[in-house]
Amino acid sequence: MSTTELPASHAELMDGVYRWQRHIYDLTRKYYLLGRDRLIHGLEVPAGGTVLELGCGTGRNIILAARRYSDARFFGLDISAEMLETAGKAIDREGLSSRVTLARGDATDFDASSLYGIERFDRVFVSYSLSMIPGWEKTVSAALAALAPNGSLHIVDFGQQEGLPNWFRTLLRGWLRKFHVTPRESLCEVLESESRRTGATFRFRTLYRGYAWLAVIGPRNLTSPSMAGESQIS
């Protein structure tokens, strides 16, 4: 496991939040981190491909993805040493250590070459992490910069709950604040802007009446069954 110089305040905050939460994280989050499996299904990793998860947490997503795409190599980045400890143990238990490499780093500013010995990835995905990262827009830019030619960036995170009752939105936001989570209102606009800047295709859909948002930025020939029939901006 590699380590880079990290912003101490945020790293310490995340370690503090998850020092104990990490032990029950997967058990509790499965009820409200919706859309993660849909994202994994839509990765469509090419044979022998490389996949980077930013904000890999307990390793839940990267393990499921590694099972699904059995000939791909996976790389995980997280700022929390506590979460990486849990992820490493889970990956060892699953017998995936030869295909999954973890590193501690800041998702807004990382050097993939020094961390993993690889500069570009066929797929990069971010699952419910942008809503926790200060300066999250930099993570989007860094993720796009880490893509190989014809690579794609996949994101799922909290939406604005636009189709749900106001009382539900109020309760959810209050609960999320306890974990330093803030749904990003401008997420769609930022992703659309970045896709135009890079000349990529942008696909976006809302899930569960806006509870979650799912987005893909990739090459113009990218097809993804999980995004079929949804809004697309070229």
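How many percent of the accessible area of segment 150-189 is carbon or sulfur, using a 1.4 Å probe? The partial results should precede the final answer.
Numbers: 1180 of 2110 Å².
Exposed carbon and sulfur together represent 56 percent of the surface.
Provide, in order from the shortest bin, the percent of all Cα-Cα pairs of segment 143-216 in each 5 Å bin, continuing until the bin that contains the maximum pair distance.
3, 14, 24, 20, 16, 11, 7, 4, 1
Using the Karplus curve 6.51 cos²θ - 1.76 cosθ + 1.60 with θ = phi - 60°, what ³J(HN,Hα) values do you get for each residue of segment 100-108, in whole Hz, with x for Gly and Pro?
Values, residue by residue: 10, 10, 10, 8, 8, x, 9, 5, 8 Hz.
Once amide H atoms are built 1.01 Å from N in the peptide plane, which residues 5 or more positions from LEU147, or in another chain, come under 5 Å H to H?
PHE121
Suppose each label sits 7 Å from its Cα in the direction of the beta carbon; what would the VAL190-ARG209 distance come out to in nanometres?
Going from the VAL190 label point to the ARG209 one covers 2.7 nm.
For a quick check: with amide H placed at 1.01 Å from N, whose amide H comes under 5 Å from LEU102's, ignoring anything fewer than 5 positions away on the same chain?
GLY76
Over segment 126-203, what is the mean sequence separation of C-alpha contacts under 8 Å (at least six apart), divided by residue count, expressed as relative contact order in percent?
Worked out over segment 126-203, it gives 35 percent.
Sort out for me the Cα centre separation of segment 32-69 from segment 79-122, rounded to whole Å.
13
Could you tell me the calculated FRET efficiency between ASP111 and TRP175, based on Cβ-Cβ distance and R0 = 41 angstrom, to the nearest 0.05?
It comes out at approximately 0.70.
Whole-Hz ³J(HN,Hα) for each residue in segment 63-68, computed from phi via Karplus 6.51 cos²θ - 1.76 cosθ + 1.60 with θ = phi - 60°, x for glycine and proline: what do you get?
3J(HN,Hα) across segment 63-68, in whole Hz: 5, 4, 5, 5, 5, 5.
Can you give me the pair-distance distribution of segment 31-123, C-alpha pairs, 5 Å bins, whole percents?
3, 14, 27, 25, 22, 8, 1, 0
Percent of Cα-Cα pairs more than 15 Å apart in segment 68-108, please.
When all Cα pairs of segment 68-108 are counted, 40 percent exceed 15 Å.
The values are calculated or read from the model by the stated rules, or taken from the named source; none is laboratory data. From a predicted model like this one, the values you see are computed outputs, not experimental measurements. Ideal geometry is used to build each Cβ from the backbone, glycine not excepted, and the neighbour counts take in all protein chains shown. The area values use the complete protein model at the heavy-atom level, side chains included, leaving out ligands, DNA and RNA. Shrake-Rupley method; radii C 1.70, N 1.55, O 1.52, S 1.80 Å.
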